[in-house]
Every structure is written in structure tokens, then in C-alpha cells.
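Step one of this worksheet: look at the structure below.
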Amino acid sequence: MPEGHTLHRLASALDGAFAGRALRVSSPQGRFAESAALLDGRVLEGAESWGKHLWLRFEPEDLVHVHLGLYGRFDVTRDAASVPAPVGQVRLRLVGSGSGGDRASYADLRGATACELQTPEQRTALVARLGPDPLREDADPDLAWHRISRSRAPIAGLLMDQSVVAGIGNVYRAELLYRHRVDPLRAGTTLRRGRWTAMWEDLVELMHDGVRDGVIRTVRPEHLTDAERLDGARVSYVYRRTGEPCRVCGSRVRARDLQGRNLYWCVRCQPRFRSRALQ
């Protein structure tokens, strides 16, 4: 499932392509046809995301709420010479003028878990159920701390709970806990406030890097191989490295199921109740 940085990049791409323009809105697949007809010809004011949720704001006050889920894609193409016929199950298509008079921009949504028309009140109610998003300027880490510090659930599970922190997925979860040497099965109540503050600040930086680069980068330069430095592809400390040697201590990376998702960690670097961050 796309993590929060992907949705923020998508909101930015949609803004750049369509904000302030009257759009042709359609549903080639048909599942969003009635709502698309209501929006057709209206001006898109902008797009925003909160965690893994995306909203398109149309004048005067209608919102399209999108959640990509596991398999959704929202592809944006700017300044195309022509708009091709839809391919596959396109739930929502947006078409607007490009930067030149003979160019056009378009976006196709496929496979989303949710694509629905919402009122501002419905958006407010949904956001009220979400935790702070590290990529938003209005994020309050104290709200997340309030929930974490009062829960005996494993910190790894709490980080994936979108009502605690919005936007974290399996990659950021595993890598953040490793970078701060936190045992993923440690109860939230045992985490100290100072450690959470350091984790939050690190998460904000990592996710902003993800927005900028379009890829999750969590491994510090000194822990990369020469080939990895040159390649620039995504690499990780523990995520999807089951059985491989830890980059720092050489122990084998472990994995187990937690709440239906794979959890990765190093038992030597992340011993129970130890949380000294990597230097």
C-alpha cells in the first residue's frame, strides 16, 4: 500500500496539472459516473492529502475522496499532445488544458479502494478519526504521544494504526524502529517521551525526503555499500531483508507476522527496552 509520502507527491502533481482549471470529469469504468457528471466542467481548486487519504476540492465546495488501498494507482500526465482513450478499468478521469494552447493534461484513477463524493462535513468527520500526519504543517506529535503512552499494545502495531499516526506504512514502521533501536514488540507505555520526540523528528525528515526523492531512503551513507551509493535505488536496514546480515552488527534480520503484516527487525540492534539511537 502506498505510504503517506506517495499521497503528498500525488496531491502536488494534481495541483500542478489541474489547480485553477475547469476540468472534464468522467468515469470510463462507470462506477463513479453519476458523481463525475456532477463535477464535469467545474474548476478544481486544489488537492490535499492526510495520511493515506487524498481529496480533490472542486468549486464551490464538493470534494472527491480517494483512498488507493493496496492496488490503486492515480497516474498524472502533463502537457500531452493528445489524450488517449482510457485503458483498463479507469474509475475516474480528469482532463484539463495544458501549459500550451494545443496541449492537454490528464489523470486516470484505477483500482482504488475508495473514490467517492464527500461534503466538507464528511471530510471533517473522517479526519477526526486520523492521527497527525508528519508531512502536514498542522501535525501535532503530542496527539500521537497521548495514544502511544497510554497503550500496552506493541509500538510496531501502534505506528501502523492510522488513528495514532497517519501515513506510516510497513517500510517506514520497520526502518524507523530500527534507526532508533526500539524493539518492535515493546509496549507503547514503556516508550519515553524523549525517545518519541526523536522518532517523530526523524520520521518527519525521512518522509519529507521521500516526497522530494520519490523513493523511501532510510539507510545512512556510512551503512551503504559503494554499489548502493552509485545506484541510488531504495535499500533498507531491515525491511524485506529476512535472514540477511544486519548492516550494523551482522546478525540475521528476523521477521514475523504482527496483525496480518510482516514485521522486520534485528534482535541485537533492537533489544527489548533499549532505545539508544544509532550514532
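Any read-out appearing in this document is the output of simple, stated calculations on the displayed coordinates, not a laboratory observation. Predicted model only: the values in this text are computed from it and were never measured. So basically every Cβ, Gly included, is an ideal-geometry build from the backbone, and we count neighbours across all protein chains shown.
Side notes on the structure shown:
- One chain, two ends: residue 211 and residue 124. Fully extended at 0.36 nm per residue, the span grows by 28.9 nm beyond their Cα-Cα distance.
- Contour minus Cα-Cα distance for residue 150 and residue 61 (0.36 nm per residue): 28.2 nm
- For segment 252-261, the Karplus equation 6.51 cos²θ - 1.76 cosθ + 1.60, evaluated at θ = phi - 60°, returns couplings of 6, 5, 9, 8, 7, 8, 9, 6, x, 10 Hz by residue, with Gly and Pro reported as x.
- Remark on residue 169: its backbone amide H falls under 5 Å from those of 4, a criterion applied only to residues 5 or more positions apart or on other chains, H modelled at 1.01 Å from N.
- Rounded FRET efficiency, nearest 0.05, which uses the C-beta distance separating residue 137 from residue 261 and R0 of 30 Å: 0.55
- Gap separating the Cα centres of segment 55-82 and segment 115-173, nearest whole Å: 22 Å
- Qualifying GluC sites (Glu not before Pro) in segment 104-151, DSSP loop, other Cβ atoms within 10 Å at most 14: 137
- Mean separation of Cα contacts under 8 Å (6+ apart) over length of the chain, as relative contact order %: 16 percent
- J(HN,Hα) series, segment 236-241, from Karplus relation 6.51 cos²θ - 1.76 cosθ + 1.60, nearest Hz, glycine and proline x: 9, 7, 10, 4, 6, 10
- Cα-Cα separations in the chain greater than 36 Å, expressed as whole percent: 24 percent
- Computed from backbone phi with θ = phi - 60° and the Karplus coefficients 6.51, -1.76 and 1.60, the 3J(HN,Hα) list for segment 59-68 is 5, x, 7, 8, 10, 9, 9, 10, 10, 6 Hz; x is used for glycine and proline.
- Mean Cα-pair separation over length for segment 141-265, i.e. relative contact order, pairs under 8 Å, 6 or more apart, %: 23 percent
- Using C-alpha pairs below 8 Å separated by at least 6 residues, the relative contact order for segment 4-127 is 28 percent.
- Calculated [θ] (222 nm, deg cm²/dmol) that DSSP helices of n ≥ 4 give over the chain, each run adding -39,500 (n - 2.57): -8500 deg cm²/dmol
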